[in-house]
Amino acid sequence: MIFTIFLPVLGGIICLILRERRRLCAGVALFATIINGSFLPFNLFEEFGMNLGNWGELGIRLTMDDLAIPFMLSTFLVMLAITLNSLRKNYDGFFYSLILIMYGTLNSIFLSRDLFNVFVTVELVSIISFILISYEKKGRQAWASLKYLLLSSLGLNFFLLGIGLVYMETGSFAMEGLNHVSSIASVLIFGGLAVKSGLFLFSMWLPDAHSNAPVEVSPILSGLVVKIDVYLSIRFVQYESFGWLKDEFVYIGIFSAIAGIILAVNSKDAKRLLAYSTISQVGFMMVTCDKASSWHGFSHAVFKTLLFLVVGNVSTRLGTKEYRDWSGRITRIEYLFLLVGSLAISGFPMTSGCVTKEVIMHDACCPWLKVLMMLSSVGTAMIFSKFIFLKPSKETGSLPTGTLAAYSILSVAIIVHGIVGFEIYMFESLLMIAAGVGLYFLYRKFMRPLPVFFERIDNSLAIYLIMFLFSIGFVIFST
């Protein structure tokens, strides 16, 4: 289990040493990713753990369980896909060093049961994300990365205060202590991590960062980085002191799911559309905040990585992110993989998106919540009708070998998961997709990009602080 953390980091160190030998570094990254992923099948069917360091209460506990497995699998598939897609590009060893260290660090977060270790590793992910967003040194990327770093640093300071209170109250950083801590500690931890969650109003750095990042970086941000808070929220609500959050996540999650749809449906920029849909999908996961959410996190990571890679590569080739300009110019093979990703996120039967979204909707705690989630699913189908009804060119086209392999691996994962987990009632999703397609054709002439008021750095910072203070006030007056 510990190899899943240290092997990618070792590969990252090698790439950093050999950073001028680009092709060799790409090979090292691919080899380290594949070898690391080969350990996962041995860990899927049993829970086990280990202590890192014989330091008593300060020792770090690592555990693999059914909540961590979906995130570990998604991390492997995303990293494998972006490494394959990057082979035709001119990235140096520093880039591969960053993504490999990110890979090991993410695995450490998913396996760790020590709060201080989580803080250190989340901070490292933030620093690496900041560098990766601005890797191409473009003005928009630099500004987006600064916004991300500012909000992330502020949130992690609150998180640090929260785990400090946990240590003061329990004498340990072990997660088991979260059964016996004050509500203030729990809200500091929740509020600190919420900035990374992708939830509407808490994480308004997300659209700029996801839409302006390099092609291979956007899938990492959307598929993996925003899942840190999703995973930790699912983990933390299992403890008594965080039980109050489960009901709150229902309202926060469904609000985010609907808000993300409204923003995405009016977007003309393909990458920005995908970024807004991440806000909606994260909200969907947070509604139930349980094992079903973990598996939807896996599904989302896979189909969103496919979508971001296809959209990023097409945008680069055609020189525009306006999806309307692609009609008649996108090749058939590009359109095929874009169609697979769009159907998956829309919840089409026999795809992973259908399996995990339908399970969440059927687990809804009350009828009104299920209705709102169905409306969110209709909205998702409406959004991705923009891609589904693009007109491909008459050319079949061809793809670089690495890119074709990346698309194929992700598509196979989507379909296999969809077939294995399929239940007959999931054909209900066809009705929601049909409704979404119908609304798209009725509304498409009126689609206009909405103002980016919430995404300005001053406003996003102010809104996050207001939401954080509101969370504290809610806890104080409800206890």
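The values are calculated or read from the model by the stated rules, or taken from the named source; none is laboratory data. Keep in mind that this is a model prediction, so the values were computed, not measured. In this analysis, Cβ positions are derived from the backbone assuming ideal geometry, glycine residues included, and neighbour counts consider all displayed protein chains. Just the protein is used for accessible areas: all its heavy atoms, side chains included, with ligands, DNA and RNA removed. Shrake-Rupley method; radii C 1.70, N 1.55, O 1.52, S 1.80 Å.
For L161, the conditions (1) closer than 21 Å to L232 by Cα; (2) touching a residue at least 12 places away in the same chain (Cβ under 8 Å); (3) crowded, with 17+ Cβ neighbours inside 10 Å all hold with the exception of (3). Selection of segment 394-426 for residues being of a type in the set (A, V, I, L, M), over 21 Å from N85 (Cβ atoms) and crowded, with 18+ Cβ neighbours inside 10 Å yields only M426. Checked against the criterion of being out of contact with any strand residue (DSSP E or B) (no Cβ under 8 Å at 6 or more places or on another chain), closer than 26 Å to L372 by Cα, among the basic types (K, R) and crowded, with 24+ Cβ neighbours inside 10 Å, the candidates K291, K271, K304 yield just one match: K304.
When L73, L100, L115 are checked against the criterion of being on the phi < 0 side of the Ramachandran plot, touching a Pro at 6+ places or on another chain (Cβ under 7 Å) and modelled with pLDDT of 85 or more, L100 stands alone in meeting it. Where helices (runs of 4 or more DSSP H) fall entirely within segment 373-479, those with at least 1 residues that are β-branched (V, I, T) and within 30 Å of F158 (Cβ to Cβ) are at 457-478.
For segment 383-393, a residue qualifies if it is closer than 19 Å to A344 by Cβ and open to solvent by 20 Å² or more (accessible area, probe 1.4 Å), and the qualifying residues are I388, F389, P392. Of all positions in segment 289-308, at least one carries a residue that is outside any helix (DSSP H, G or I) and either of a type outside the set (D, E) or under 17 Å from the mean Cα position of the chain (by Cα) (or both).
Set side by side, the residues I99, I82, I109 differ, and just one is β-branched (V, I, T), open to solvent by less than 20 Å² (accessible area, probe 1.4 Å), in a helix (DSSP H, G or I) and in contact with an Asp or Glu (Cβ under 6 Å, 6 or more places away or on another chain), which is I82. The number of residues in segment 306-358 being among the charged types (D, E, K, R), within 22 Å of N212 (Cα to Cα) and touching a residue at least 12 places away in the same chain (Cβ under 8 Å) comes to 4. The number of residues in segment 131-145 being open to solvent by 10 Å² or more (accessible area, probe 1.4 Å), under 24 Å from F202 (Cα atoms) and modelled with pLDDT of 90 or more comes to 2.
Only one of the numbered conditions (1) more than 27 Å from K291 (Cα to Cα); (2) touching a residue at least 60 places away in the same chain (Cβ under 8 Å); (3) open to solvent by less than 30 Å² (accessible area, probe 1.4 Å) is violated by G379, and that is (1). The sole residue among M361, M373 that is buried (at least 20 other Cβ atoms within 10 Å of the Cβ), under 22 Å from the mean Cα position of the chain (by Cα) and free of Cβ contacts under 8 Å to residues at least 40 places away in the same chain is M361.
Residues are listed down the side, and each one gets a yes or a no for (1) closer than 30 Å to T401 by Cα; (2) at pLDDT 95 or above; (3) of a type in the set (K, R); (4) surrounded by fewer than 24 Cβ atoms within 10 Å (Cβ to Cβ):
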{"residue": "G253", "(1), (2), (3), (4)": "no, no, no, no"}
{"residue": "I262", "(1), (2), (3), (4)": "no, no, no, yes"}
{"residue": "M285", "(1), (2), (3), (4)": "no, no, no, no"}
{"residue": "G319", "(1), (2), (3), (4)": "yes, no, no, yes"}
{"residue": "C365", "(1), (2), (3), (4)": "no, no, no, yes"}
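There is at least one residue in segment 222-237 that is within 21 Å of F474 (Cα to Cα), free of Cβ contacts under 8 Å to residues at least 40 places away in the same chain and surrounded by 24 or more Cβ atoms within 10 Å (Cβ to Cβ).
Counting only residues that are under 23 Å from the mean Cα position of the chain (by Cα) and of a type in the set (S, T, Y), which one in segment 430-478 is nearest to P207 (Cα to Cα)? Checking each candidate, the answer is S460. Close contacts from segment 82-107, counting a first residue that is under 11 Å from G11 (Cβ atoms) and a second that is assigned to a loop (DSSP other than H, G, I, E, B) and aliphatic (A, V, I, L, M), with Cβ to Cβ under 9 Å and a gap of 6+ residues or different chains, come to G93/L18. Do you know which residues across segment 345-357 are crowded, with 24+ Cβ neighbours inside 10 Å and over 18 Å from G438 (Cα atoms)? Result: T351, S352, G353, C354, V355, T356, K357. Here R21 passes the criteria (1) over 23 Å from A292 (Cα atoms); (2) at pLDDT below 90; (3) open to solvent by less than 70 Å² (accessible area, probe 1.4 Å) except the one numbered (3). Applying the criterion of being outside any helix (DSSP H, G or I) and touching a residue at least 60 places away in the same chain (Cβ under 8 Å) to the residues of segment 62-79, the residue that is nearest to V225 (Cα to Cα) is A68.
Looking only at segment 174-193, filter to residues that are open to solvent by 10 Å² or more (accessible area, probe 1.4 Å) and of a type outside the set (A, V, I, L, M); which one of those is nearest to S112 (Cα to Cα)? The qualifying residue nearest to S112 (Cα to Cα) is E176. Screening L339 with (1) out of contact with any Ser or Thr (no Cβ under 8 Å at 6 or more places or on another chain); (2) at pLDDT 95 or above; (3) under 26 Å from A144 (Cα atoms) gives one miss only, at (3).
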